[in-house]
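A.B. asks: Structure incoming, see below.
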Amino acid sequence: MVAKDVLTEAEPKIPHVAGRRIIVCAGTGCKANGSEAVYEAFLESIAAAGAQVAVEFKSEGGDGEVSVTRSGCQGVCSQAPLVTILPDTVLYMRVQPSDVEEIVAKTLVAGQVVERLLYHLPDTGAACRGAKDIPFLNRQTHVVLREVGYLDPENLQEYLRLGGYEAARKAFLQMTPEGICIEVAQSGLRGRGGGGFPTGRKWEAARQRPNVKKYVICNADEGDPGAFMNCSVMEGNPHSVIEGLLIAARAIGADEAYVYIRAEYPLAVKRMKQAVADAEAAGFLGDNVFGSGLRVHCELKEGAGAFVCGEETAMIASVEGQRGMPRPKPPFPAYSGLWGKPTVINNVETLAQVTRIIRDGPAVFRQVGTPTAPGTKTFSITGHVANTGLIEVPLGTTLGEVVYGIGGGVTDDAGRLSKDGFKAVQIGGPSGGCLTPDHVNLPLDYDALRGVGAMVGSGGLVVMNQQTCIVSIARFFLDFTQRESCGKCVLCREGTRQMLALLDDIIAGRADATTLPLLESLAHAVQKGSLCGLGKTAPNPVLSTLRHFRPEYEAHIVQKRCPAGRCKALRKITINETKCIGCGACLHKCPVNAISGEKKKPHRINLVACIKCGACAEACKFAAVEGV
């Protein structure tokens, strides 16, 4: 990985602020934690203090003016709601409406910080004034997310002040379609939504098709559990996606564009719709784009949440009004896609990267990342990790840097830093694979991950500690893909169902020596025989966990024991006779009368009758019940 300072600024290019600017995070996570009430409280408190309040940011604002604006996700989702104050570069966390008056009095009036609302380092307790002091933020490299946590996503003028639509204007007025495809190919950009196919090659294939009618589609149907990168980009900088879509349309000669966005992202839908309307009103979309005489019309298509519609041919069917089911390839969409016409499909992050490539040039784009995987990648990091949220790092960054350097380390079930370290990381959602502590030095890029049976995928990272049952995790992801199967392929429809039944046997203690060979054989059959990417990758969580944690599967089957102690059916609940005083509390609480014993003498549990409900452990005041 090569890192350059040119793209590592913790803060983006924000227009000069003559007065003060308060930026309240209005991403989904912060809104869910009450950031709208914080925003309203700032307006009231500043007005009460006698300052001039502006709810729309203006770079020419006066010295006494205070601008209060909303932004997209500021990244540190575990500390929501977040508030940034410029030009003081102060970042406050977990801000409540009751904190606002103190912030106004101390920070805006007296120039001091409210220390209790700052981020404190978990190891030393030191307070961090702003993003430059917080490892979770200052160890990242923001390109796509560079303005996401700062600019007002519903203000086109602010996007324009930061150079917005300059790349699209250049593409329409100064470049040829062939020239655009060449620059994107030279950048080495690979699709950020799955397998990492070269974007320039895809565009060139569609450009060369002789058809007059062509289409471009933005794949905004992010559906992996634990993934919210595309959602955050659309919520925080929707115009960067629209601009990338315009460039793609110019590159292949398309005059119609679609944004296929899942309806489960209501805030992203709202902001994307407004961005399209504002771009049309400004002449960036429509019948005469930038006065070039070329037309590009854009329409939002809301998906109903079917995971399979993230697969490009199923998405095409859905846009056409059909049931979202995949079709065989070839022909690929670049040759025959929407309504049989050449179609390019790129995901949200890919299109946002394109905007930077055309504006700054391929050479700048290649200054970070690896030779075979240039640029940055956004990831969502969730699970048993100190800092959860949205991150962006150069491709090639190691897993250890993400989990420990940026994530802050692995936590136990109570949220404390764990001494044991992590057990596994699931990358790429249900389609991805499992990584272990042996992979801490593994670079996160397409080729390196493919070499260990995993994939970048959409970029979801789920960190698991030592108390996690790997078999249950594999079942969780397989259950998701099984439920989301469109049912077209017998192997995907029935094979995943039977795999799920075998995992249930393992977790319930019903498995025997034939279970694992059958599970593996069935997994490979589903991989080979399924039609689309969903089916072909559905067995990945099972196969990758079997590769790295086979002894844990065998413990479930042979010893009838869950090493993590999570599988209820395999718990062996006993009463420690040296601790039990025979008080009878557990006996009276047992709902199935599985406990026996005389008063003031040690009690016993009938393991055949026991349903492992844990009522006995809750009733015992002497910690005599073990194995719960």
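A.B. asks: Order by neighbour count: Ser232, Ser485, Ser292, fewest other Cβ atoms within 10 Å first, most last. Walk me through the numbers on the way to the answer.
C.D. replies: Values: Ser232 30, Ser485 22, Ser292 13.
The most exposed by this proxy come first: Ser292, Ser485, Ser232.
A.B. asks: For Thr411, list long-range residues whose amide hydrogen, built 1.01 Å from N in the peptide plane, is under 5 Å from its own amide hydrogen.
C.D. replies: Residues meeting the criterion, in which the H sits 1.01 Å from N, are Val385, Ala386, Ser418.
A.B. asks: Given the Cα-Cα distance of Ala609 and Lys419 and 0.36 nm per residue of separation, how much length would full extension add, in nm?
C.D. replies: Values: separation 190, 0.36 × 190 = 68.40 nm, distance 3.72 nm.
Result: 64.7 nm gained on full extension.
A.B. asks: Separate question: Taking amide H positions as placed 1.01 Å from N in the peptide plane, with prolines and chain starts having none, which residues 5 or more places from Gly396, or on another chain, fall under 5 Å of its amide H?
C.D. replies: Residues meeting the criterion, in which the H sits 1.01 Å from N, are Leu444, Asp445.
A.B. asks: Working from Cα positions, state the angle (0 to 90°, nearest 10) between the long axis of helix 35-48 and the longest principal axis of the chain.
C.D. replies: Around 60 degrees separate the two axes.
A.B. asks: Placing +1 at every Lys and Arg Cβ and -1 at every Asp and Glu Cβ, with all other atoms neutral, what dipole size does the range 273-407 have around its Cα centre, in debye to the nearest 20?
C.D. replies: Details: 11 positive and 12 negative charges, 64 e Å.
In total the dipole reaches around 300 debye.
A.B. asks: Can you give the Kirkwood hydrodynamic radius of the range 484-609 from its Cα pairs, in Å with one decimal?
C.D. replies: Details: mean 1/r = 0.0580 Å⁻¹.
Averaging 1/r across every pair of different Cα atoms and inverting gives 17.2 Å.
A.B. asks: Hey, what did the chain get for relative contact order, percent, Cα under 8 Å, at least 6 apart?
C.D. replies: 11 percent.
A.B. asks: Related question: Just how large is the dipole of the range 376-468 about the Cα centre, in debye to the nearest 20, putting +1 at every Lys and Arg Cβ and -1 at every Asp and Glu Cβ? Let's see the in-between values first.
C.D. replies: Values: 5 positive and 8 negative charges, 17 e Å.
For the range 376-468, the charge dipole is close to 80 debye.
A.B. asks: Viscosity 1.567 mPa s, temperature 4 °C: what is the translational diffusion coefficient of the range 156-365 from Stokes-Einstein with a Kirkwood Rh over Cα pairs, rounded to a whole number of µm²/s? Display every interim value, and only then the final one.
C.D. replies: Working: Rh = 16.7 Å.
For these conditions, the coefficient is 77 µm²/s.
A.B. asks: A further question on this structure: List the aspartates and glutamates whose Cα lies under 13 Å from the Cα of Lys106, skipping any in the same chain that are fewer than 8 positions away.
C.D. replies: Straight-distance partners of Lys106: Asp88, Glu115.
A.B. asks: How many percent of the alpha carbon pairs in the range 376-468 exceed a separation of 22 Å? Before the final figure, lay out each step's value.
C.D. replies: On the way: 682 of 4278 pairs.
Summing the P(r) tail past 22 Å for the range 376-468 gives 16 percent.
A.B. asks: If neighbour count is taken as other Cβ atoms inside 10 Å, put Cys620, Cys73 in order from fewest to most.
C.D. replies: Working: Cys620 22, Cys73 27.
So the residues, fewest neighbours to most, are Cys620, Cys73.
A.B. asks: Taking the 0 to 90 degree range and rounding to the nearest ten, how far is the long axis of helix 238-252 tilted relative to the main principal axis of the chain, both from C-alpha atoms?
C.D. replies: The answer is roughly 70 degrees.
A.B. asks: Something else: For the range 579-587, take each phi angle, set θ = phi - 60°, evaluate the Karplus expression 6.51 cos²θ - 1.76 cosθ + 1.60, and give the result in whole Hz per residue in order, putting x for glycine and proline.
C.D. replies: Working through the residues one at a time gives 9, 6, 9, x, 6, x, 4, 5, 4 Hz.
A.B. asks: Calculate how steeply helix 540-558 sits against the longest principal axis of the alpha-carbon atoms of the chain, using the helix alpha-carbon long axis, and give the answer as 0 to 90 degrees to the nearest 10.
C.D. replies: 10
A.B. asks: Could you give the spread of the C-alpha atoms of the chain along their three principal axes, from largest to smallest, in whole angstroms?
C.D. replies: 91, 66, 42
A.B. asks: Between Glu299 and Asp479, take the C-beta separation as r, use R0 = 30 Å, and let me know the FRET efficiency to the nearest 0.05. Provide the component values of the computation, followed by the final result.
C.D. replies: On the way: r = 34 Å, r/R0 = 1.14.
Efficiency computed from Cβ-Cβ geometry: 0.30.
A.B. asks: Which of Lys599, Lys488 has the fewest other C-beta atoms within 10 Å, and how do the rest follow up to the most? Let's see the in-between values first.
C.D. replies: Numbers: Lys599 10, Lys488 17.
By the 10 Å Cβ count, ascending: Lys599, Lys488.
A.B. asks: On to the next question. Please turn the phi angles of the range 458-474 into ³J(HN,Hα) values with the Karplus equation 6.51 cos²θ - 1.76 cosθ + 1.60 (θ = phi - 60°), one per residue in order, whole Hz, x for glycine and proline.
C.D. replies: Once rounded to whole Hz, the list reads 6, x, x, 10, 10, 8, 10, 8, 5, 8, 8, 7, 5, 5, 5, 5, 4.
A.B. asks: Could you work out the helix-only [θ] at 222 nm for the chain, with each DSSP H run of four or more residues adding -39,500 (n - 2.57) and the total divided by the number of residues, to the nearest 500 deg cm²/dmol? Let's see the in-between values first.
C.D. replies: Values: 22 runs with 208 residues, N = 628.
Computed ellipticity for the chain at 222 nm equals -9500 deg cm²/dmol.
A.B. asks: Then there's this: For a quick check: with amide H placed at 1.01 Å from N, whose amide H comes under 5 Å from Ser67's, ignoring anything fewer than 5 positions away on the same chain?
C.D. replies: Here Arg20, Arg21, Ile22, Ala54 satisfy the definition.
A.B. asks: Moving on. Restricting to Cα atoms and excluding each atom paired with itself, what does the Kirkwood estimate give for the range 471-558 in Å? Walk me through the numbers before you get to the answer.
C.D. replies: On the way: mean 1/r = 0.0790 Å⁻¹.
Hydrodynamic radius (Kirkwood, Cα pairs) of the range 471-558 is 12.7 Å.
The numbers here are math on the coordinates, done by the rules we state, and not lab data. Keep in mind that this is a model prediction, so the values were computed, not measured. Every residue, glycine among them, receives a Cβ derived from its backbone with ideal geometry; neighbour counts consider all protein chains shown.
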